[in-house]
1. Among 22, 126, 66, whose mean-square fluctuation peaks in a Gaussian network model of the chain (Cα, cutoff 10 Å)?
2. Considering amide H positions built from the backbone, and no H for Pro or chain starts, which residues 5 or more places from residue 97, or on another chain, come under 5 Å of its amide H?
3. Quick one: net charge around residue 111, please, counting Lys, Arg +1 and Asp, Glu -1 for every other residue with C-beta under 14 Å from its C-beta.
4. For the chain, what is the mean residue ellipticity at 222 nm derived from helices alone (per DSSP H run of n ≥ 4: -39500 (n - 2.57); sum divided by total residues; nearest 500 deg cm²/dmol)?
5. Quick one: which residues, 5 or more positions from residue 60 or on another chain, have an amide H under 5 Å from its amide H? H modelled 1.01 Å from N in the peptide plane, none for Pro or chain starts.
6. Give me, ordered by chain and number, the residues 5 or more places off residue 81 or on other chains with an amide H under 5 Å from its own placed amide H.
7. Could you give log10 I(q)/I(0) at q = 0.13, 0.28, 0.30 Å⁻¹ for the range 1-63, computed by the Debye formula over C-alpha point scatterers of equal weight, without solvent?
8. Give me the Kirkwood hydrodynamic radius of the chain in Å, from all C-alpha pairs, to one decimal place?
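What follows is calculated from the coordinates using simple rules that are stated; it is not laboratory data. Only a predicted model underlies this, so the values are computations on that prediction, with no experimental measurement involved. Every residue, glycine as well, gets a Cβ built from its backbone with ideal geometry; the counts of neighbours run over all protein chains shown.
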Amino acid sequence: MASDHAGVNLKSELKQYLAQKGYDILDFGTDSEESCDYPDFAHPAAEAIENGTADFGICMCGTGNGIQMTLNKHQGIRAALCWKPELASLAKEHNNANILVLPARFLSYDEAISIVDAYLNAKFEGGRHQRRIDKIPVKK
Ligand code: RB5
């Protein structure tokens, strides 16, 4: 997990929720409401997924846009900004999103939980969607 100051409270609420569900959580910060820069926390979270230290991520900032833009600079990351449960299900089913991104300033706790649950419960469908995500990385 990672967030900036705008997402830190939601991150800590979701951390408790996920811990109760039995997930082992790596928290890359931030850990206070002091103003900070989301890339400082997004890059380490993305690297942990790319190198296999973490299986998937849940990240947030105020709008979700800044942290999503940062995460998606990593070739191995498919970060999906989701503000309703159906988007989170489809992000896993069709895009095999390995990071769920939330707009923390625009969600209630209950809405965020519904979105997280939708992401966790969905399964990648493979097939034509595998072919499509294989074409996402920029070829050098
Ligand atoms: C912080 O004020 C805000 O700009 C940040 O959380 C995020 O929304 C940026 O995309």
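1. Looking only at 22, 126, 66, the biggest GNM fluctuation is shown by 22.
2. Those lying under 5 Å, H to H, from residue 97 are 92.
3. Details: positive: 84, 105; negative: 13, 86, 110, 117.
Value of the local net charge: -2.
4. Details: 6 runs with 61 residues, N = 140.
It comes out at -13000 deg cm²/dmol, rounded to the nearest 500.
5. Amide H neighbours of residue 60, under 5 Å, 5+ apart: 2, 3, 4, 102.
6. The list, which skips near neighbours in sequence, is 101.
7. -0.30, -1.20, -1.28
8. Value: 14.8 Å, from the Cα pair sum.
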